[in-house]
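Report on the structure given below.
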Amino acid sequence: MPRTQDKKIHLAAFVTAGPGRPGGWRYPASESGWLDAAYYQGIARTLEHGLFDLAFFADILAVPDRYQGSNDTQLRYGALGSLRLDPVVVLSIMAAATKHLGLASTRSTSHYEPFEVARSFATLDHLSAGRAAWNVVTSFQDAEARNFSKKQQVPRNKRYDRADEFLEVVFKLWDSWEDDALVFDRQTPLFADPEKVNYIDHQGEWFNVRGPLNVARPPQGYPVILQAGASDRGRDFAARWADAIFVSHDSFDSAKAFYTEIKDRARSHGRDPDSLKVLPAATPLVGETQAIVEEKDRALRALVDPHAGLSTLSYHLDVDLSAYPLDAALPDIDVPGVQGHYHEVREATDRDRLTLRELGKRYGSRYEGDLIGTPDKVADGLERWFRGGACDGFMISAPFQPGGFEDFVRLVVPELQRRGLYRTVYEGKNLRENLRLARPEVGAWRARAAAHASKEAA
Ligand SMILES: Cc1cc2nc3c(=O)[nH]c(=O)nc-3n(C[C@H](O)[C@H](O)[C@H](O)COP(=O)(O)O)c2cc1C
């Protein structure tokens, strides 16, 4: 489906509040300020200079220990889950250094309470003048459940049941203050109009919450909702609730098939499919010349131990891959964890006949989207996916931080602008407007809940 000229690529940045990539933190040009406010503020300024829609933090609530039944490989190799700061706190620091950049954090519906989540994101939305976004995850590791006084996680379907009700409670809490409830009239006095601040009296299967929230309705109405569900239930959840979704695909064809399917699902929930943005993960490695990029690529890959990649893949799949021989291909397995990551590695293993060792090396240094080259080549790859109808934009990861983002902003952003594919200024006054999403009125969530209920009954 060809694109109309006025649609532009949306860009989110996958920032890690820790070392993130097992080769990236060892790369000499990377910086090690994971525990410094200035490090995150610097990244935020770079992304805003590059007119990114938002900075996004994934989150993990445990140091993963699925591989070899231990967290040794995560810690030793500085893998994805080795060190993670609380992302909402980091975003507040980034908010203070920027004016337009959206600020997105993950919060788990399985381990937090709706009141805490509604309050955190309402607060961030106010303090950033409408730039907050929440990535809704249900979490998929027993290690995380064990940090929240549970023996193990509940099964996926139950997690999504809880998540559906969690979202309803959060929306009710954000709606518990009408938009004009905060009057702040010194004379009368009328600080907040009690007629416009309402109990929610939610009583459900998972939650009993009285409300109201003690924060006024967020400037965006609801902070932007992000999601990355991959299972059938996860896709349905995303199609119902999310404003934008993150996905990872190993090929244009699978990305395009997913894009078509999820937009159809959004339609079946009574939504305009354009109100759900799809952002596949992409990790460009860019340089001024092909020779520079090839040298960077070689150096980065040499720094990745296969066990580091297998450790992270074990965490993503929730399967201990150390049970399989390193020099044979990964057999077909049942995956309780992230289906999307399994499809991605299955596709790569079968196509390229990878052994597990090679897969580990590749997963540890994986650059989604095959975007390794000069600015022109990287822009060609992004343009192909966007114009070919496989996405509405991208979730850009950096092979190393913060230099990977700096290179992208310096070299690729101007090329995308020259092609008319990317904004030259922030058009909106908040994140929703930049994403071209309407501001939800009080009660807007109910239409989606009703469409869902009638679908279930059918
Ligand atoms: C780009 C991307 C980012 C994700 N970030 C997180 C995260 O920060 N924390 C988390 O627990 N899960 C994260 N996930 C996993 C998803 O939330 C989801 O649980 C997973 O895709 C499995 O989907 P399912 O629950 O429908 O099987 C992410 C997935 C993708 C593709």
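Assessment of segment 29-48 against the conditions (within 16 Å of the ligand (Cβ to nearest atom), among the aliphatic types (A, V, I, L, M) and either under 20 Å from the mean Cα position of the chain (by Cα) or open to solvent by less than 30 Å² (accessible area, probe 1.4 Å) (or both)) yields no matching residue. The number of residues in segment 198-244 being within 13 Å of the ligand (Cβ to nearest atom) and of a type in the set (Gly, Ala, Ser) comes to 9.
Give me the residue from segment 353-370 that is part of a loop (DSSP other than H, G, I, E, B) and either under 20 Å from residue 58 (Cβ atoms) or within 19 Å of the chain's Cα centre (by Cα) (or both) and, out of that set, nearest to the ligand (Cβ to nearest atom). Once the filter is applied, the top-ranked residue is 368. Counting the residues of segment 245-276 that are of a type in the set (D, E, K, R) and either in contact with a Phe, Trp or Tyr (Cβ under 6 Å, 6 or more places away or on another chain) or within 16 Å of the ligand (Cβ to nearest atom) (or both) gives 3.
Whenever a residue of segment 221-234 is under 17 Å from residue 436 (Cα atoms) and in contact (Cβ under 8 Å) with a residue 40 or more places away in the chain, its partners that are in a helix (DSSP H, G or I) and within 13 Å of the ligand (Cβ to nearest atom), lying with C-beta atoms within less than 7 angstrom and at least six residues away or across chains, give the pairs 225/241. If the condition is being closer than 23 Å to residue 209 by Cβ and out of contact with any helix residue (DSSP H, G or I) (no Cβ under 7 Å at 6 or more places or on another chain), then segment 123-143 contributes 123, 125, 126, 135, 137, 139.
Okay, residues lined up against (1) more than 30 Å from residue 129 (Cβ to Cβ); (2) among the acidic types (Asp, Glu):
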residue	(1), (2)
11	no, no
26	yes, no
30	yes, no
65	yes, yes
78	yes, no
84	no, no
98	no, no
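Look at segment 316-352 and say how many of its residues are polar (S, T, N, Q) and within 15 Å of the ligand (Cβ to nearest atom). So the count comes out to 1. In segment 313-352, the qualifying residues are those that are part of a loop (DSSP other than H, G, I, E, B) and of a type in the set (A, V, I, L, M, F, W, C), and the one that is most open to solvent (accessible area, probe 1.4 Å) is 329.
The values are calculated or read from the model by the stated rules, or taken from the named source; none is laboratory data. Here the structure is a predicted model, which means the values were calculated and not measured. Methodologically, a virtual Cβ is constructed for each residue, glycine included, from the backbone with ideal geometry; neighbour enumeration extends over all protein chains shown. What goes into the accessible areas is simple: the full protein's heavy atoms, side chains included, and nothing from ligands, DNA or RNA. Shrake-Rupley method; radii C 1.70, N 1.55, O 1.52, S 1.80 Å.
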